[in-house]
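Just passing along the structure, written as structure tokens.
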Amino acid sequence: MHYNQFGVDLCSSQQQNTTDKSYLQSNNSWTVADSAKLYNVEGWGEPYFGINKAGNVTVSPQGKDRAIDLLELIEVLPERNLKPPLLIRFPDILGDRLARLHECMERAISRYSYGGQYRGVFPIKCNQNRHIVEAVVHYGEAYQFGLEAGSKPELIIALASLTSQTDRLLLCNGYKDREYIETALLATKLGHQPIIIIEQLQELALVMAIASELNIEPILGVRAKLDTKGIGRWGDSTGDRAKFGLSVGEILQVVQRLKEIDKLDCLQLLHFHIGSQISAIKVIKNAIREASQIYVQLVKLGVNMQYLDVGGGLAVDYDGSKTNFKASKNYNMQNYANDIVAQVKDACERAEVSVPTLVSESGRAIAAHQSLLVFNVLGTSTKLSLDVCSLKADAPLILRNFWSTYQEIEPTNLQESYHDAIGFKQEALSLFNLGYLSLSDRALAEELYWACCHKISVMLESCEDIPEDLSNLSEIMAATYYINLSIFQSVPDAWAIEQLFPILPLHHLDRKPTARGILADITCDSDGKIDRFINRKETKNILELHSLDDVSSPYYLGMFLVGSYQEIMGNLHNLFGETNVVEVKVTSSGYRIESAIEGDNVAQVLEQVKYDSQDLLATMNRRTEAALQNQNITLSEAQKLWQNFVTTFDSYTYLS
Ligand code: PLP
């Protein structure tokens, strides 16, 4: 029975629901094109990601005529024991990124009649995973793509990955001790081409001493601390206070010392790196202009310069806005290549020196697109009822007034109704605190408040001008979607530096996503959430999602462009381990699963924090036996507990 404020039966439950929901817009006109626009798939996803007619996200690692339906893929993977959360890598995309970069540089070289070559190297730090490095080596063969190492383990990876007797470059960056330098120098005997890049002045003496002991003529580079500053989160990689690199004065000292020992010919490369994700082309231009001048001046000083290494920094358009916002970039790969080639050529021509071989160390732009993270939604936080259908005739006056406010909401009184709802809610709370309202009355007041907000926010969707005081209503209304994932393990930059990644449902995209949500992971950490999302302008605080009532279960979301830096920087917070990983390659008839690697199980993460599963089992066994003897547990309970211990050690760390 439903009553108005005078206690009169209003309508049947069925009728009431229909009446109340009449303000909801029809979803019938929603198409996949609307979803593509909403999530700006074309902006960040071209040419690899799209949405098919069925409303599922597709991946096209080798052109649009061979699109893989992601939902179909995800649904066959559990047969191989690969359940979400899941990292899917598409090595063909990695190959395509390498080819594109090389082709852009080649095009620029031919456009500007540049008399030198381009040699790309992949910075291993971007993703040290064996499959990634091996894929870079494989796809990079045609372009003589080399590797950059920034530590001893990365040097070992590089040496093992690059076939010797090759023209591929091996750049040795980072802090170096005797072992690092010796290994790099001796690698020349295996046919490698290591270039040892001096990042700190004191390294020079050590390198030259070891080279002399080994009787090996080293090829050296210097990393310059440019005055041009990068921008955004990684902008500190250059300038006076940069951690790495030599000032111009220090570079001159290197030249002087090498001259003194008659080894000036060893210095052949000038390197700079002004930070990752440089979103403004102007900054790149300035850096190249400055570095080109240093280069030509070194040549004029008689240094045997051969290479100019422009480092990393080539950005990824994570939000697809094509702006200089930090999650985007206001240039494309071809602009980047053109600027490098044109500026270096111009500086060399004016100084009448030969142009160098151009080297770049792009990591992010090569590796980001090839990986995507798939995870399922476990549930949502329930805001109290979004439609209130009943009120008792003898309800307190405040609730009856609140109820009629709710009923009377219409497009012409949205602002007024919202303020009334806030007022009623506050008043109800005061009355409750003074003992005049019961617990259930207070609950009903809260329900009415959410119902008003919901009704207003739905009506607002068809308003052209949203009043300022109602502008954050959809944020207030946003539900929390609990996702089967650890942000700390799988996308640590989303937590550590608030990096943005495109996120969207992987299916149901032919239906309007009528809910609004933020994402909360399964770690017991309030930071384990995502509440900033890509937008065409700046960011938004909520993501458009489907209501779980409207979609099939499980509801899958995807986080895209996660192939750079995330895998290696992930941590074991709350002991959620590495996720399952699958590598998928395109074939003429569809795709094939190239490799599947099961994520960490519980025993493996425990081992990483130095627990031995056998010891743990023995301890738990002893305790259970003692409890049995003391009759604190029955035999069947003990068996169940024992069984759970054994299966838990073997199970995935995420929720099944
Ligand atoms: N080179 C050096 C020396 C770096 O430190 C980095 C990473 O910051 C890179 C290359 C790769 O940069 P990016 O991933 O922006 O291409």
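Nearest 5 percent is fine: what portion of the DSSP beta bridges confined to the chain is antiparallel?
50
Tell me, what is the per residue accessible area of segment 432-505 in Å², probe radius 1.4 Å?
Averaged over the residues of segment 432-505, the accessible area is 42 Å².
Sorted by mean Cβ packing within 10 Å, highest first, what order do the peptides 607-619, 140-152 take?
140-152, 607-619
Can I ask one more? Once you have the Cα-Cα distance between D177 and S164, take 0.36 nm times their residue separation minus that, and quote the gain in nm to one decimal.
Taking 0.36 nm per residue and subtracting the Cα distance, the gain is 2.3 nm.
Could you order peptides 636-649, 49-62 by the average number of other Cβ atoms within 10 Å of their residues, highest first?
Going by the mean number of other Cβ atoms within 10 Å, highest first, we get 49-62, 636-649.
Is segment 356-411 rounded, prolate or oblate when judged by the Cα gyration tensor, a ≥ b ≥ c being the square roots of its eigenvalues, rounded requiring a/c under 1.5 and prolate requiring a/b larger than b/c?
Because a/c hits 1.5 or more and a/b exceeds b/c, segment 356-411 counts as prolate.
A further question on this structure: Could you give the angle, 0 to 90 degrees to the nearest 10, between helix 248-260's Cα long axis and the longest principal axis of the Cα atoms of the chain?
30
With contacts defined as alpha carbon pairs under 8 Å and 6 or more residues apart, what's the relative contact order of the chain in percent?
Taking the mean separation of contacting Cα pairs over the length of the chain, I get 16 percent.
Run the numbers on segment 309-437 and let me know its relative contact order in percent, using alpha-carbon pairs under 8 Å that are six or more apart.
The normalised contact order for segment 309-437 reaches 21 percent.
Per the helix-only calculation at 222 nm, which mean residue ellipticity applies to the chain, given -39500 (n - 2.57) for every DSSP H run of n ≥ 4 and division by its residues, nearest 500 deg cm²/dmol?
Computed mean residue ellipticity for the chain: -12000 deg cm²/dmol.
Under 8 Å for C-alpha pairs, at least 6 residues apart: give me the relative contact order for segment 498-607, rounded to a whole percent.
24
Let me ask something else. Would you kindly derive the ³J(HN,Hα) couplings of segment 206-214 from the backbone phi angles with the Karplus curve 6.51 cos²θ - 1.76 cosθ + 1.60 (θ = phi - 60°), listing them in order in whole Hz, with x for Gly and Pro?
Those phi angles translate into 5, 4, 5, 5, 5, 4, 5, 4, 8 Hz.
Can you tell me which lysines have their Cα less than 19 Å from the Cα of K229? Leave out same-chain residues fewer than eight positions away.
By straight Cα distance, K229 reaches K243, K282, K285, K326, K329.
Which order do R100, R364, R622, R107 take by accessible area at a 1.4 Å probe, largest first?
Most to least solvent-accessible, the answer reads R622, R107, R100, R364.
So which aspartates and glutamates can K585 reach, going by Cα to Cα under 14 Å and dropping same-chain residues fewer than 8 places off?
Output for K585: D69, D92, D96, E594.
Next question. Roll a 1.4 angstrom probe over the protein heavy atoms and tell me the percent of accessible area of segment 321-430 that is carbon or sulfur.
Answer for segment 321-430: carbon and sulfur cover 46 percent of the accessible area.
A further question on this structure: With all protein chains present, calculate the accessible area of D550 using a 1.4 Å probe and round the result to the nearest 10 Å².
80
Also, quick follow-up: So how tilted is helix 635-650 from the main axis of the chain? Cα-based, degrees 0 to 90, rounded to 10.
40
Right, next: 5 Å is the cut-off here: which amide hydrogens, built 1.01 Å from N in the peptide plane, fall below it relative to R516, excluding neighbours closer than 5 in sequence?
Amide H neighbours of R516, under 5 Å, 5+ apart: A479, L545.
Less than 23 Å apart at the alpha-carbon level, and either on another chain or at least 8 residues along: which lysines does that give for K259?
Of all the lysines, those that pass the test against K259 - Cα under 23 Å, at least 8 places apart if same chain - are K176, K225, K300.
Ignoring ligands, DNA and RNA, please state the percent of accessible area on segment 564-614 from carbon and sulfur, probe 1.4 Å.
47
Using amide H atoms built in the peptide plane, which far-off residues or other-chain residues are under 5 Å from E148 H to H?
Under 5 Å from the amide H of E148: F122, I124, L171.
Highest mean first, how do 420-433, 109-122 rank when packing is the count of other Cβ atoms within 10 Å averaged over residues?
Final packing ranking: 109-122, 420-433.
What distance in nm separates the simple spin-label points at S656 and M569, each placed 7 Å from Cα in the Cβ direction?
Distance between the two pseudo-spin positions: 3.3 nm.
The values are calculated or read from the model by the stated rules, or taken from the named source; none is laboratory data. Source: prediction; values computed, not measured. Neighbour counts run over all protein chains shown; Cβ positions are idealised from the backbone, glycine included. The area values use the complete protein model at the heavy-atom level, side chains included, leaving out ligands, DNA and RNA. Shrake-Rupley method; radii C 1.70, N 1.55, O 1.52, S 1.80 Å.
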